[in-house]
Amino acid sequence: MHAPDEQVDGVRFARLVTDGRSLLESGRAMEAYRSLTRALRLWRGPAMAGLADHPPLAAEIARLEELRMSATEYLATAALALGRNEEAVALLGGVIRECPLREGPRAGLMLALYRSGRQAEALALFRTTRKMLIDELGVEPGHELARLQQSILRQDPALARPVLAV
C-alpha cells in the first residue's frame, strides 16, 4: 500500500512527537504541549490492532507503542512546565501502570505530586518505587530519583520552578 506521508497516521504521529520533543527541549512548552496533544489525539488504541500476531509487524508495533509512551512522558513534562500539575499526575500515572519499571515517569510523578501540594504522596511513591526496584531487580533507585526525594524532604524552593528536562 502506498499513500502520502500526511495521510498515514503513524507517520504524522511520529512527526508531531519529534516536533513536540524539539520544542520542549528549546523551552517552548506551550507549542510542545500543542504538538504532543495533536499527536496523541491520533492514537485510537493498540498499534495495528488485530495484526499483533503477524511477526513481520512486531518491530513496528513495538516502535509505535514505545513512541506513544515517550509522547505521553513529553506531554507530562510540558504540562509540568506550564503549571498543569494535576494533568501531569494523570498522564504519568498511566505511563507507570503500563511501564512500572521506568524511573523517569516515576520522578516526574513525584515532582507533579509535590507541586500539587501532595508531598506525602510523592515521598510514598519514592518508598514504593524503591521497594519494587529492590524486590524485582535487586537495585536501588537511580540518582535522579534519590536526589528528587532528598529535595522534597528539604522542600527545596527550586522544585517549585518549572524544569524542562526530557
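The values are calculated or read from the model by the stated rules, or taken from the named source; none is laboratory data. Since the structure is predicted, the reported quantities are computational estimates derived from the model, not experimental observations. The area values use the complete protein model at the heavy-atom level, side chains included, leaving out ligands, DNA and RNA. Shrake-Rupley method; radii C 1.70, N 1.55, O 1.52, S 1.80 Å.
Summary table
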read-out	value
Gain in span if fully extended, Met30 to Gln155, counting 0.36 nm per residue against the direct Cα distance	42.3 nm
Heavy-atom SASA rank of Asp135, Asp19, Asp156 (probe 1.4 Å, accessible area, largest first)	Asp135, Asp19, Asp156
Exposure of Ile61 as accessible area (Å², to 10), given a probe of 1.4 Å and all protein chains	20 Å²
Cα-based shape type of the range 85-157, given that a ≥ b ≥ c are square roots of the gyration tensor eigenvalues and the cut on a/c is 1.5	oblate
Spatial separation of Cα centroids for the range 10-27 and the range 93-166, in angstrom	25 Å
Extended-chain gain in nm, criterion 0.36 nm per residue less alpha-carbon gap, Arg147 and Glu103	14.6 nm
Probe 1.4 Å - accessible area at Leu80, Å² to nearest ten	20 Å²
Solvent-accessible surface (1.4 angstrom probe) belonging to Ser26, in square angstrom, nearest 10	70 Å²
